[in-house]
Amino acid sequence: MFAESATLRRVKPSATLAAGQKARALRAAGRQIIQLDAGEPDFDTPDNIKEAAIKAIHEGKTKYTDADGIPQLKEAICAKFARENGLTYTPAQVNVSPGGKPVIFNAMIASLNPGDEVIIPTPYWVSYPDMVLIAGGEPVFVPTSAEKGFKVAPADLEMAITPRTRWIILNSPSNPSGAAYTRAELAALAAVLMRHPHVWILTDDMYEHLVFGDFEFFTIAQIEPGLYDRTLTMNGVSKAYSMTGWRIGYAAGPTPLINAMRKVMTQSTSNPCSISQWAAVEALNGTQDFIKPNAKLFEGRRDLVVSMLNQAQGIHCPTPEGAFYVYPSCAGLIGKTAPSGHVIKSDSDFASELLEAEGVSVVFGDAFGLSPFFRISYATSNALLEEACTKIQRFCGSVR
Ligand SMILES: Cc1ncc(COP(=O)(O)O)c(C=O)c1O
């Protein structure tokens, strides 16, 4: 009989992928479902990027490459960090992996020993704790709150640091809350980290280009050069260029860590898809013209969703600075009875009852380590968002 390994038994499957699967199964069974659970932009990959991939195929760039990326993409990544983040890296400091997720995974496998601690503020992106567990480490959670904008307080960070702390993972703008750290907030966290030189920083900047109003994005190594030698600055093309399926993520940091991550890849995935790498070169070096209008479009959707959710009984929805998620509280509905007759005891009950009653699929907050909340991805049309929020209002109004 098959038995999972002891390592894998410590791990949960991704809750966001599970929510999507459940919604798709209901749709296949004939139900009308609006999916607000998916973490990907709804626009197509821009044409110049597709053309670069087609050209790469015609030119026969279809063979193995260096395990952690072609030199041309590493150069493009160095140019991106210099241009957009004021950070100087050489290609020897760059890793390209098959997606942002494997970048983090490779960094954890490359660096963690059993019992090493990784500080993860909650709510977190679903995969961080489980990747730490697979790599043999121990996630250490630091809760934030809606009142504090879902951002970790410097004093709370400092209290969580022990001699076993190996990493802190920062994610701004955040999946699931959309919260993004200002320059001053990052500087305050950097000041704490400067006092603890054994702690490394993994900053997940996947949503860098999705910030709203006059909010300015910063990344921690740029704010505090004293942290440069122990920061892995991670990013990718998935969200900014709508390339989730192409599977290209990247990071830059100290060469010994980058070399260790390459060693992991040489014995596991080998290189990311060669064609996708050439597409990513075009994404980073080509026109960036669609990025700002795109962010503006998402900002309009955020405003629509926040406003409509705040009109739903028992829901409180903060206004996030970026990404394409909101993370509303459903505290006002806990302990009440849904139209099905079931009592809503948790955010997980809230999400299932909402799906059952109105066919709207959201992800419950427990999956992200902070309850009672739920995550909505508003990367879909205004018409669908309006319909979904109307249904959420109706559902909340029917809870007694
Ligand atoms: C915060 C965050 N980091 C990393 C990733 C992974 O991105 P990729 O699809 O490139 O693996 C995601 C995707 O949802 C994300 O939300």
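Read the figures in this text as sums done on the coordinates, not as results from a lab. From a predicted model like this one, the values you see are computed outputs, not experimental measurements. Here the Cβ is made from the backbone with ideal geometry for all residues, glycine too, and neighbour counts use every protein chain on show.
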Report task. Lys and Arg at +1, Asp and Glu at -1: add these up for the other residues within a Cβ distance under 15 Å of residue 211 and post the number. Result -> -3
Query raised in the report: Any idea what the dipole of the stretch 175-216 comes to, in debye rounded to 20, about its Cα centre with Lys/Arg Cβ at +1 and Asp/Glu Cβ at -1?
Result: 260
**Report entry** Cleavage-rule hits (GluC sites (Glu not before Pro)) in the stretch 109-190: DSSP loop, at most 14 neighbouring Cβ within 10 angstrom
**Finding:** 147
Report summary line: Taking only the Cα positions of the stretch 207-338, the convex hull volume per residue in Å³ is 187
Requested in this report: Averaging sequence separations of C-alpha pairs under 8 Å and six or more residues apart, then dividing by the length of the stretch 144-289, give the relative contact order as a whole percent.
Outcome: 17
**Report entry** Normalised contact order of the stretch 308-366, rounded percent, pairs of Cα under 8 Å and 6 or more residues apart
**Finding:** 21
Report summary line: One finds, for residue 8 and residue 162 with R0 = 22 angstrom and r their Cβ-Cβ distance, a FRET efficiency to the nearest 0.05 of 0.25
Query raised in the report: In the structure shown, do any of 61/292; 74/101; 151/345; 80/292 have a Cα-Cα gap over 23 Å, and if so which?
Result: 61/292; 151/345
Report task. Determine the dipole magnitude for the chain: charges of +1 sit on the beta-carbon of Lys and Arg, -1 on that of Asp and Glu, nothing else is charged, the reference point is the Cα centre, and the result goes in debye to the nearest 20. Result -> 680
Query raised in the report: If we count every other residue with Cβ under 14 angstrom of residue 327's Cβ, Lys/Arg +1 and Asp/Glu -1, where does the sum land?
Result: -1
Query - Protection proxy ranking, peptides 224-234, 272-282, 172-182, average beta carbon neighbours within 10 Å, highest first - result: 172-182, 272-282, 224-234
Query raised in the report: What does the convex hull of the alpha-carbon atoms of the stretch 250-400 project to on average, in nm²?
Result: 12.3
Query - Rel. contact order, % - alpha carbon contacts under 8 angstrom, at least six apart, the stretch 96-163 - result: 29
Requested in this report: Take every Cα-Cα distance within the stretch 274-356, group them into 10 Å bins from 0 onward, and report for each bin the whole-number percent of pairs it holds.
Outcome: 15, 30, 23, 16, 13, 3
Query raised in the report: In the chain, what % of DSSP beta bridges are antiparallel (nearest 5)?
Result: 45
